[in-house]
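The values are calculated or read from the model by the stated rules, or taken from the named source; none is laboratory data. A quick note: this is a predicted structure, and the numbers were derived from the prediction, not measured. For neighbour counting, all protein chains shown are included, and Cβ atoms are generated from backbone atoms with ideal geometry for every residue, glycine included.
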Amino acid sequence: MSGLLAVRIEKLLWRGRGLARLDSGQVVMVGPGVLPGEEVTARVSKQARDYLQAEAVDILAPSPLRTAHPCPHSPECGGSRFGMVSPLDGIRLKADMLRDALPRALGRDHASRLPEPRILPSPEDWRYRWRGQIHVQDGRPHAMAHASNDLVPLTDCLLLAQPLAQAMPALAAGLPDGRFTIAASPDSGQALSELDQGLLPFSLPDFGLTLHLPPSTFFQANWVLNQVLVRVVVGAVSGYGRIADLFSGAGNFALPLASTGAKVLAVEGSASAVNTGADNARRLGLTSVRFQGGDLSRPAAWRQVGEFSPDAAVLDPPRTGAKGIGQTLLGMRSLRRLAWVSCDVVNTLRDARPLLDAGWRVSDMALFDMFPGTWHMEVLLILDRP
């Protein structure tokens, strides 16, 4: 089947897709940018075995939640597909998506034992990102268009913090064609591209720390809400003497944990992130943390973790998850608690399933609205050994 369809969106599913059905009962998955109850014209882009994939081309009957998108680039840009609802409505929709995804990912038996997710909104609805990516063409910044590889010229980006948005044209002018990371410091306002030499300061005042990070190293772009996330994660594993920070990056959790006196092993696959974390630890005088390079998809890295014998672990894997990690964690008898940070909870629950099958319990779940204006969210799961 191809061409245009007139459908009604029943609800939103994980990753922001709208669920609709044809009169025949066949499922149509409509790409992000639609809202529950809306009647839309959608163009079929793919026919799978048991559903159609489509993109909305016209909103025939808009939802009462729909408002004017504040960004002039929104009709073409793929960057903020949920900017057409208020921040409060946006986080309610995300909570509904999360609740809908849990039984789908785990089955109703496991999902019925999960706690109700706590909701932690972003203090800033727009202008919250201190790190992002731009596509440069002829010295000008662009974004990727929604559902295509076309580039959309940018004069501004409402997702970017003001200092970073203001610096974007000048940064792009000094870059060749391609995709590049740009970042700015909330402490100093200085902005750099990934090709620039230099470090940007990022303060964690709850712990009396200021991290110095290169723009090329990953950090949570919503730095204000990240400070809340760090505080909650550190609080969740406080009292455990030996903590493994797995997929540690440059030490977003490991360095604050070390500042509390915990003994920390930070394991990360990126050599540059390991070096950045170790440099910060030395500069800050944090001697109880050790940064170790290691690919956690390979047994060698896990041997180091096993030799460390952690009481608790913090995990912050990439969006694709870490297949097989649940079985590996299950075999580490010293572990009593996990603080699992997830930017795609469906993949995380797939990976955690062996632990839940063995009786581990999710004692707390929190939704952090790290990315207002988009369907993305961060979810923290606290798991305890029975």
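Points worth noting:
- Sole residue being within 17 Å of the chain's Cα centre (by Cα), surrounded by fewer than 20 Cβ atoms within 10 Å (Cβ to Cβ) and either modelled with pLDDT under 95 or on the phi < 0 side of the Ramachandran plot (or both), chosen from 346, 341, 314, 379: 346
- Filtered by the rule that a residue be under 16 Å from residue 140 (Cα atoms), in contact with a Lys or Arg (Cβ under 8 Å, 6 or more places away or on another chain) and not small (Gly, Ala, Ser), the range 171-210 gives 181, 182.
- Only residues that are buried (at least 16 other Cβ atoms within 10 Å of the Cβ) and either under 27 Å from residue 56 (Cα atoms) or under 17 Å from the mean Cα position of the chain (by Cα) (or both) were counted in the range 98-126, giving 10.
- The criterion of at least 2 residues that are within 15 Å of residue 209 (Cα to Cα) is met by the following helices (runs of 4 or more DSSP H) wholly inside the range 238-322: 254-259, 271-284.
- The range 45-83: number of residues that are small (Gly, Ala, Ser) and more than 22 Å from residue 15 (Cβ to Cβ): 2
- Restricting the range 27-58 to residues that are out of contact with any Lys or Arg (no Cβ under 9 Å at 6 or more places or on another chain) and among the small types (Gly, Ala, Ser), the residue that is surrounded by the fewest Cβ atoms within 10 Å (Cβ to Cβ) is 48.
- Answer residue from the range 14-26, given it is touching a residue at least 12 places away in the same chain (Cβ under 8 Å) and crowded, with 16+ Cβ neighbours inside 10 Å and is farthest from residue 74 (Cα to Cα) among those: 20
- Residue match in the range 82-91 (condition: of a type in the set (S, T, N, Q), under 30 Å from residue 217 (Cβ atoms) and either touching a residue at least 60 places away in the same chain (Cβ under 8 Å) or in a loop (DSSP other than H, G, I, E, B) (or both)): no
- Test: residue 324 is surrounded by fewer than 22 Cβ atoms within 10 Å (Cβ to Cβ) and either farther than 27 Å from residue 207 by Cα or modelled with pLDDT under 95 (or both): yes
- For the range 101-123, the count of residues that are hydroxyl-bearing (Ser, Thr, Tyr), outside the structural domain of residue 18 (by TED's automatic domain parsing) and at pLDDT 95 or above is at least one.
- When restricted to residues that are more than 27 Å from residue 307 (Cα to Cα), of a type in the set (Val, Ile, Thr) and under 16 Å from the mean Cα position of the chain (by Cα), the range 197-231 contains 3.
- Residue check, residue 351 over 30 Å from residue 70 (Cβ atoms), in contact with a helix residue (DSSP H, G or I) (Cβ under 6 Å, 6 or more places away or on another chain), of a type in the set (D, E, K, R) and in a helix (DSSP H, G or I): yes
- Residues satisfying the stated conditions in the range 192-207, i.e. charged (D, E, K, R) and assigned to a loop (DSSP other than H, G, I, E, B): 194, 196
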